[in-house]
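*Asks:* Starting off with a structure, shown below.
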Amino acid sequence: MRFSAAVLRSYQGPFAVEEVVLGAGPDEGEVLVEIAGCGMCRTDLAVRRSGGRSPLPAVLGHEGSGVVVETGGPDTGLGVGDHVVLSFDSCGHCRSCLAAAPAYCDSFAPLNLFGGREEKAARFTDAAGGALAPRWFGQSSFARYAVVPARNAVRVDPALPLELLGPLGCGFLTGAGAVLNSFGAGPGDTVAVLGAGRWAWPR
Ligand SMILES: [Zn+2]
Ligand SMILES: [Zn+2]
């Protein structure tokens, strides 16, 4: 299938919307999601101008939300039409994953930041057939569609405004983790949250 995505081709260049090609649908344990909205996190911007280790060209975007349109196999725990929020990828079998702490997955950095699942790379190309980096943070959601592991797609209430929920997958989750886990704030504590203002397009 062909659809549009924002592709980053060089560390100095802009994100540019172009056509990309997904050569195959979801494998076992994956779902195809039509993206409804996506946050832009500091980590997406950090890749640009970094000259860093994240391979390019790539489709970034790691705070996506959308609707499941196809499931790979019977064991994803999700169904067509489910509304989902997408978060980071994890291996599912290291000590941290087995202890229900996938944010500390032994493979967190390679799976999410430095190349993704290499065995899944060949199916995702640009319109001319040129290789794109394997999915970013298990999703690459600056795109109309994303194929994601079911383990990093979380079903949400369809009554909620789906296009606004994506940042739950990184920004809100990270902020809540900092306050509740790192800072150790509990009931009755007061905290100051800085830089949480709302930004709107200038008129
Ligand atoms: Zn993020
Ligand atoms: Zn793991």
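Bear in mind these aren't lab numbers, they're just calculated from the coordinates by the rules spelled out. This one's a predicted model, so the numbers in the text were calculated from it and none came from an experiment. So basically every Cβ, Gly included, is an ideal-geometry build from the backbone, and we count neighbours across all protein chains shown.
*Asks:* With the dipole of the chain worked out from charges on the C-beta (+1 for Lys and Arg, -1 for Asp and Glu) around the Cα centre, which of V85, A150, V47 lies farthest toward the positive end?
*Replies:* In the chain, that residue is V47.
*Asks:* Here is a further query. Could you list which residues have their amide H under 5 Å from that of G37, counting only those 5 or more apart in sequence or on another chain, with H placed in the peptide plane?
*Replies:* S65
*Asks:* Which whole-Hz ³J(HN,Hα) couplings does the stretch 87-104 yield from phi under the Karplus relation 6.51 cos²θ - 1.76 cosθ + 1.60, θ = phi - 60°, glycine and proline marked x?
*Replies:* 10, 6, 8, 7, 6, x, 9, 7, 4, 5, 4, 5, 8, 6, 10, x, 5, 9
*Asks:* Net charge near G138, counting Lys/Arg +1 and Asp/Glu -1 over other residues with Cβ under 11 Å of its Cβ?
*Replies:* Once positives and negatives cancel, what remains is +2.
*Asks:* Counting other beta carbons within 10 Å of each residue's own, what order do S54, S96, S87 fall into, fewest first?
*Replies:* In order of increasing Cβ crowding within 10 Å: S96, S54, S87.
*Asks:* Can you compute the label reach from E28? Point 7 Å from Cα along the Cβ direction, backbone N cut-off under 11 Å, restricted to the stretch 73-96.
*Replies:* So the set is 73-75.
*Asks:* About the Cα centre of the stretch 1-145, what is the dipole size in debye to 20, counting +1 per Lys and Arg Cβ and -1 per Asp and Glu Cβ, all else neutral?
*Replies:* 620 debye
*Asks:* Among L56, N112, A159, whose Cα lies farthest out toward the positive end of the dipole of the stretch 2-182, if unit charges sit on the beta carbon of Lys, Arg (+1) and Asp, Glu (-1)?
*Replies:* Of L56, N112, A159, it is L56.
*Asks:* Just check the stretch 105-187 against the gyration tensor rule for me: Cα atoms, a ≥ b ≥ c as the square roots of the eigenvalues, rounded for a/c under 1.5, and otherwise prolate or oblate depending on whether a/b exceeds b/c.
*Replies:* Oblate is the answer for the stretch 105-187, as a/c is 1.5 or above yet b/c matches or exceeds a/b.
*Asks:* In whole Å, what three semi-axes, largest first, describe the equivalent ellipsoid of the chain built from its Cα gyration tensor (square root of 5 times each eigenvalue)?
*Replies:* Over the Cα atoms of the chain, the ellipsoid semi-axes are 26, 21, 18 Å.
*Asks:* Go through G195, Q139, G72 and say which Cα lies farthest out towards the positive end of the charge dipole of the chain; charges sit on Cβ, +1 for Lys and Arg, -1 for Asp and Glu.
*Replies:* Final value for the positive-end residue is G195.
*Asks:* Let me ask something additional. Treating only the Cβ atoms of Lys and Arg (+1) and Asp and Glu (-1) as charged, compute the dipole magnitude of the stretch 108-164 about its Cα centre; round to the nearest 20 debye.
*Replies:* Around 140 debye, computed over the stretch 108-164.
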